[in-house]
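S.K.: The structure follows.
The values are calculated or read from the model by the stated rules, or taken from the named source; none is laboratory data. These figures come from a predicted structure and were not determined experimentally. With ideal geometry, Cβ positions are generated from the backbone for all residues, glycine too; neighbour counts draw on all protein chains shown. Please note that ligands, DNA and RNA were not included when accessible areas were found on the heavy atoms of the full protein model with its side chains. Shrake-Rupley method; radii C 1.70, N 1.55, O 1.52, S 1.80 Å.
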Amino acid sequence: MDDEENQNQIKDEVKDDAADIAPFDPTKKKKKKKPVIQDPVEEESVDTLAEKTESLSVSDGLETSFAGLKKKKKKPVHTDLDDESENVGDELDDTIGEDEEGEGIVLQQYPWEGSDRDYEYEELLGRVFNILRENNPELAGDRRRTVMRPPQVLREGTKKTVFVNFMDLCKTMHRQPEHVMTFLLAEMGTSGSLDGQQRLVVKGRFAPKNFEGILRRYINEYVICNGCKSPDTILSKENRLFFLRCEKCGSGRSVAPIKAGFVARVGRRKAGT
Amino acid sequence: MVDIDVGIPTAFDPFAEAKDSGAAGAKEYVHIRIQQRNGKKSLTTVQGLKKEFSYEKILKDVKKEFCCNGNVVHDKELGKVIQLQGDQRKNVSQFLINAGLVKKDQIKIHGF
């Protein structure tokens, strides 16, 4: 407990901004983790009410890989240093371990404290990311994922498929349903239409996974900004060309129009033709 | 006038590069699509191969390799299109790459 308080003080010294988010209290560790997770989701204005069992994550964060790298790099660095710094390194490893266990707070015990050696790049980088992650998690590179509901698909008869939450998905992507529909139909090589309840009825049998794959491709091509990977973009049509403009970073690009391509003749031919 | 004549060398075609890259580069994709038929049958179409290729020969090899039937369809707008029975998307793209007909980044696989 004493140790923790000590770390607590250090942390407060380093970042006085962090105190604004929530008062640091070792007993409330688990509570503090929660807003860190949920904040970016709410900011992206995605409806959080939906169950996110199977989320369409377009771009995953680099958190996990980064954490792994940090831990691996640490040990060999410290082994050939003197005793004192080795101890400190062990402490650091402990803190990281705690962090990964889901305890919540990164306890800032810097490895260079107590010794007068130089800071190492990896350590400083880790420190910066920890600070960034706590103060404004949307900048830290992780958590930047678009959460979308999985497509709900019903079978209508045996030959038609109904895409139930088509409108919802269009709304979360901020795209015209017509545009999404033409893309879906062109990719699947079938015909389809919107029915009375604004559901998409497609000819042919398709699994939800198929829709998901196609939607993912749609998002990569027509929604995600190339520069900043944010899905907060606007598709506009100028002089017959489609342009994508990012709301976050302001960059724009042109996107290819949807072409249906070759559709082979399937089914019974009439005697007349 | 003389200056202008000098400025435009006749032997050099400024669009030669663009034409070349347009034919082989990013713009001309080979589209491989799938289409559902009745039941669990499906159809694979390959569209956008270069016109210089002999479609019949490609088709013959493809048919032999994947043990499927197929034919070449003439479309009014899109030219010749290879049709194959069954879901051969992966096979065809692999075949085209291995045979050196198309580069990997020029192939676009559509469908689910």
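S.K.: Evaluate the stretch A:212-228: report whether one residue or more is touching a Gly at 6+ places or on another chain (Cβ under 8 Å) and either open to solvent by 40 Å² or more (accessible area, probe 1.4 Å) or more than 14 Å from every other protein chain (Cβ to nearest Cβ) (or both).
M.R.: no
S.K.: Here's a follow-up. Is it true that A:LEU184 is within 12 Å of another protein chain (Cβ to nearest Cβ) and either touching a residue at least 40 places away in the same chain (Cβ under 8 Å) or open to solvent by 60 Å² or more (accessible area, probe 1.4 Å) (or both)? Can you show your working first?
M.R.: Details: within 12 Å of another protein chain (Cβ to nearest Cβ): yes; either touching a residue at least 40 places away in the same chain (Cβ under 8 Å) or open to solvent by 60 Å² or more (accessible area, probe 1.4 Å) (or both): no.
Here the answer is no, as A:LEU184 does not meet what is asked.
S.K.: Out of curiosity, is A:ARG240 of a type in the set (D, E, K, R), touching a Gly at 6+ places or on another chain (Cβ under 6 Å) and open to solvent by 80 Å² or more (accessible area, probe 1.4 Å)?
M.R.: Details: of a type in the set (D, E, K, R): yes; touching a Gly at 6+ places or on another chain (Cβ under 6 Å): no; open to solvent by 80 Å² or more (accessible area, probe 1.4 Å): yes.
No.
S.K.: Now for a different question. When you check A:THR182 against the structure, is it part of a loop (DSSP other than H, G, I, E, B) and hydroxyl-bearing (Ser, Thr, Tyr), yes or no? Lay out the reasoning, then the answer.
M.R.: Working: part of a loop (DSSP other than H, G, I, E, B): no; hydroxyl-bearing (Ser, Thr, Tyr): yes.
No.
S.K.: Which number in (1) at pLDDT 80 or above; (2) open to solvent by 90 Å² or more (accessible area, probe 1.4 Å) marks the one condition that B:VAL30 misses?
M.R.: It is condition (2) that B:VAL30 fails.
S.K.: Out of the residues in the stretch A:136-155 meeting the condition of being open to solvent by less than 80 Å² (accessible area, probe 1.4 Å) and modelled with pLDDT of 80 or more, tell me which one is farthest from A:PRO231 (Cα to Cα).
M.R.: Checked the stretch A:136-155; the qualifying residue farthest from A:PRO231 (Cα to Cα) is A:VAL153.
S.K.: Just to check your reading of the model, which residue among A:ASN210, A:ASN220, A:ASN165 is at negative phi, among the polar types (S, T, N, Q) and within 19 Å of the chain's Cα centre (by Cα)?
M.R.: Values: A:ASN210 fails: within 19 Å of the chain's Cα centre (by Cα); A:ASN165 fails: within 19 Å of the chain's Cα centre (by Cα).
Of A:ASN210, A:ASN220, A:ASN165, the one residue that is at negative phi, among the polar types (S, T, N, Q) and within 19 Å of the chain's Cα centre (by Cα) is A:ASN220.
S.K.: Right, something else. What number goes with the only condition from (1) open to solvent by 50 Å² or more (accessible area, probe 1.4 Å); (2) in a strand (DSSP E or B) that A:VAL201 does not pass?
M.R.: (1)
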